[in-house]
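The block underneath contains the structure these notes are about, expressed in C-alpha cells.
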Amino acid sequence: MSLFIGLMSGTSADGMDAALVECLPDQPARLIHAIGLDYEPAFSSQLRELAITAQASVEELALLDRAIAKISVQAVNQLLAEAGKQPSDICAIGSHGHTLRHKALRQQKLEEGFSWQVGDPSWIAEHSGICCIADFRRRDIAAGGQGAPLVPAFHQECLADSASPRMVLNIGGIANLTVLGEQLAGFDCGPGNALMDEWCQLQWQQPQDFNGERAATGAVIPALLEQWQQQAEIHAYLQQPPPKSTGRELFNLDHLAINLDHYSPEDVLATLSQLTANTIADAVRRFGHADGEILVCGGGVHNPDLVQRIRAALPGHTIDSSAAAGIDPDWMEAMAFAWLAYRTLNQLSGNAPQVTGALGYRILGGIYPA
C-alpha cells in the first residue's frame, strides 16, 4: 500500500485539513483528494484563547485533546467516503494535532525548549481503524532542534527541481519561509494571518479579512507600523538568525500592547497587513535568494491585499501560488504530514537538521497501531 492521510490543524485555528496522498519511493508525493472541516466559532475562539492564556484547567485541556481527536476521525471518515476508500486501503495517518504552545527556544540547555500539540493519537487509531503517527516535533526538540518548521523537508523533496532560485512561503497564522537549494534553509518569518484575523474577530466578529477587502480600503499608519516593528521582543525575534521558530505566544494583539481606539479599524488592519508583508520581505532579503521564484501557499495566498504588499516589497522576485509548481496551496501542509507519516513508517528521517538546528537526522513521531 502507498496511501497515507495527513491531518493539519493550523495556528489560525479555523479548521482541520485532511489530505489523501500517494507516497512512493523516489517519486514526489501525489495528492489524491483533500477536504477541510471548519471549526465551530466557539471552538475556534477556545483554541485561540488557549494559545496565549497564562493558565488553563487540566480538565479543559484533556477534553480539548479528545475533541481534536474526534474531529480528526470525522475528517478521516469524510475523506475516505469522498475518495471511495476503506480504512484498510490506508497505510497510516500523519496527525500534526493542534499546537497549544510552542516555545522551542534556541538555548544551550536543551530542556528549555518545548512544543505541545493536542489531538489524542490513540483515539484516532482506535476509532478510525488506521495506524496513527503523531507528535512529530518533540523528537527534533529532544535532539536540540526547534521542532519546527518541519515542512521545509517536504518542500525540498517535492519542489527543489527548479532551474531558477526558488523559495516557498507558507502564510498560515504564522508565516514561514523555505529557501530551496543545495543549502536548504527554513524558518518562521513572523506573523502570517494571525494578527489580522484576531483584529477582524475583535472589530467585526468575522474570522478573517475575506479577500483582503477591508485592509485594501485602509491606509497604513507609519508611526504605528514602526512602533510594532521596534517592539523589543518582536524586534529581537526578527533580527535573530535561523534556526528559529515562533507562534502566537509572541505574535498576538495583547503582546503589541497599544491603545488602538482612536484609529480607524480599517487603517489598523492595513497596518497589520503591512507589518506581515514587511517581516516576510525582510526575511527574504536577509536569509533568502536575492532573486528568483517565491511560491506561496497557506490561507494567505487568498488575500490579494497581502500578496500585493509582498510583491511591492520584493520587486526583484516572481511571486506566485504553489499551484504553478503543481501543488495546491490549500493542502501543502496536510500533504507534508502524510509524507512525514510515510517517512516514519519506513524508518526514514523526517527532519532537516539544517532547518531546525537538531544534532542530526531523526525519525520523528510516535506510532499508534490500529
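Within the stretch 144-162, residues that are surrounded by fewer than 24 Cβ atoms within 10 Å (Cβ to Cβ) have Cβ atoms under 7 Å from residues that are acidic (Asp, Glu) and at pLDDT 95 or above in these pairs: SER162/GLU293, counting only partners at least 6 apart in sequence or on another chain. Residue by residue through the stretch 261-270, note down the ones that are of a type in the set (Gly, Ala, Ser) and open to solvent by 40 Å² or more (accessible area, probe 1.4 Å). Across the stretch 261-270, the qualifying residue is only SER264. With respect to ALA75, determine if the residue is hydrophobic (A, V, I, L, M, F, W, C), touching a Gly at 6+ places or on another chain (Cβ under 7 Å) and either open to solvent by 70 Å² or more (accessible area, probe 1.4 Å) or over 23 Å from TYR361 (Cβ atoms) (or both). When the stated conditions are applied, ALA75 does not pass them. Residue pairs whose Cβ atoms lie under 8 Å apart, sitting 6 or more positions apart in sequence or on different chains, and linking a residue in the stretch 318-339 that is part of a helix (DSSP H, G or I) to a partner that is of a type in the set (Asp, Glu) and surrounded by fewer than 19 Cβ atoms within 10 Å (Cβ to Cβ), are SER322/ASP328; TRP339/GLU157.
Of the residues in the stretch 54-64, at least one is crowded, with 19+ Cβ neighbours inside 10 Å and touching a residue at least 24 places away in the same chain (Cβ under 8 Å). Note on the stretch 271-313: among residues that are outside any helix (DSSP H, G or I) and surrounded by fewer than 20 Cβ atoms within 10 Å (Cβ to Cβ), the one that is nearest to the chain's Cα centre (by Cα) is HIS289. In this structure, is THR217 surrounded by 17 or more Cβ atoms within 10 Å (Cβ to Cβ), among the hydroxyl-bearing types (Ser, Thr, Tyr) and touching a helix residue (DSSP H, G or I) at 6+ places or on another chain (Cβ under 8 Å)? For THR217, the condition - surrounded by 17 or more Cβ atoms within 10 Å (Cβ to Cβ), among the hydroxyl-bearing types (Ser, Thr, Tyr) and touching a helix residue (DSSP H, G or I) at 6+ places or on another chain (Cβ under 8 Å) - is not met. Considering GLN201, GLN208, the condition of being assigned to a loop (DSSP other than H, G, I, E, B) and open to solvent by 30 Å² or more (accessible area, probe 1.4 Å) is satisfied by GLN208 alone.
In the stretch 68-90, the residues that are touching a residue at least 24 places away in the same chain (Cβ under 8 Å) and outside any helix (DSSP H, G or I) reach residues that are surrounded by fewer than 16 Cβ atoms within 10 Å (Cβ to Cβ) and not small (Gly, Ala, Ser) with C-beta atoms within less than 8 angstrom, at least six apart or across chains, in these pairs: ILE90/MET1.
Between LEU345, LEU364, the distinction of being open to solvent by less than 10 Å² (accessible area, probe 1.4 Å), in contact (Cβ under 8 Å) with a residue 24 or more places away in the chain and not hydroxyl-bearing (Ser, Thr, Tyr) belongs to LEU364 only. Looking at the stretch 233-249, can you tell me whether even one residue there is in contact with a helix residue (DSSP H, G or I) (Cβ under 7 Å, 6 or more places away or on another chain), farther than 27 Å from ARG166 by Cα and open to solvent by 20 Å² or more (accessible area, probe 1.4 Å)? Yes; the residues of the stretch 233-249 include at least one that is in contact with a helix residue (DSSP H, G or I) (Cβ under 7 Å, 6 or more places away or on another chain), farther than 27 Å from ARG166 by Cα and open to solvent by 20 Å² or more (accessible area, probe 1.4 Å).
Screening the stretch 105-148 for residues that are more than 25 Å from ARG66 (Cα to Cα) and acidic (Asp, Glu) and picking the one that is modelled with the highest pLDDT gives GLU112. Selection of the stretch 1-49 for residues being of a type in the set (Val, Ile, Thr) and not in a strand (DSSP E or B) yields only THR11.
Taking the stated definitions as given, is THR271 under 30 Å from ALA352 (Cα atoms) and of a type in the set (Val, Ile, Thr)? No.
With respect to SER95, determine if the residue is among the polar types (S, T, N, Q), surrounded by 16 or more Cβ atoms within 10 Å (Cβ to Cβ), closer than 30 Å to PRO242 by Cβ and touching a strand residue (DSSP E or B) at 6+ places or on another chain (Cβ under 9 Å). Yes, satisfied.
The values are calculated or read from the model by the stated rules, or taken from the named source; none is laboratory data. Computed from a prediction, not measured in an experiment: that's the story for all the values here. Heads up, the Cβs are rebuilt from the backbone with ideal geometry, glycines too, and the neighbour counts pull from every protein chain shown. Each accessible area value is taken on the protein alone, full model and side chains, heavy atoms only, with ligands, DNA and RNA left out. Shrake-Rupley method; radii C 1.70, N 1.55, O 1.52, S 1.80 Å.
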